[in-house]
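FYI, it's all coordinate maths here, none of it is from the lab. These numbers come from a predicted model, not from an experiment. Note that each Cβ is placed from the backbone with ideal geometry, even for glycine, and that neighbours are counted across all protein chains shown.
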Ligand SMILES: [Zn+2]
């Protein structure tokens, strides 16, 4: 009876004293974090290259390139190709519904995360921060009149607001940049932490029966 209570209580006590429990990423997430950094860098580089092409075209033709859903499709297709090459078969951040973004922000600024159920808290947090950036940008321009226009015309928010395609690409770069800030900070924290770099100590025995690197997970 006594042994059973300790087995139940010890992880709870560890949870209470270990501040790491509040962090979304843990040692086991390091591989995912590195992979998502590659994906985000690939996406930023691809958007950057596309923006360069847009600028050159605008200079050449002296015509703006307004955002349209068709232009977005083409742009997103090219960026997705670059991200897929960087992803190399990983599925951590793949959406649960094929062809959908892992996260999305509606024309009325509500946010959805469509990650596969197997995605970790760490990857969910990264995608959430990306979407929060879109949500904030969306809220900047939302008004009662625009809500009515969205409902009446069904236009997406970029088209409704008459933005340029370069601005759309810029907002995406912003989302991935915010992810990178989070991912690099978490990677630095984890690679420095003692729990991810256990020092071999002689004669240390763990009687808790809990796997060591999972004990802080709620
Ligand atoms: Zn985005």
Which order results if 28, 33, 113 are arranged by neighbouring Cβ count within 10 Å, fewest first? 28, 113, 33
Fewest-first ordering of 193, 143, 126 by Cβ atoms within 10 Å yields 143, 193, 126
Pull out a ≥ b ≥ c, the square roots of the eigenvalues of the alpha-carbon gyration tensor of the range 23-180, then state rounded if a/c is under 1.5, prolate if not and a/b is larger than b/c, and oblate in the remaining case. oblate
By counting other Cβ atoms within 10 Å of each Cβ, how are 199, 38 ranked from fewest to most? 199, 38
Provide the convex hull volume over Cα atoms per residue for the range 122-172, in Å³. 84 Å³
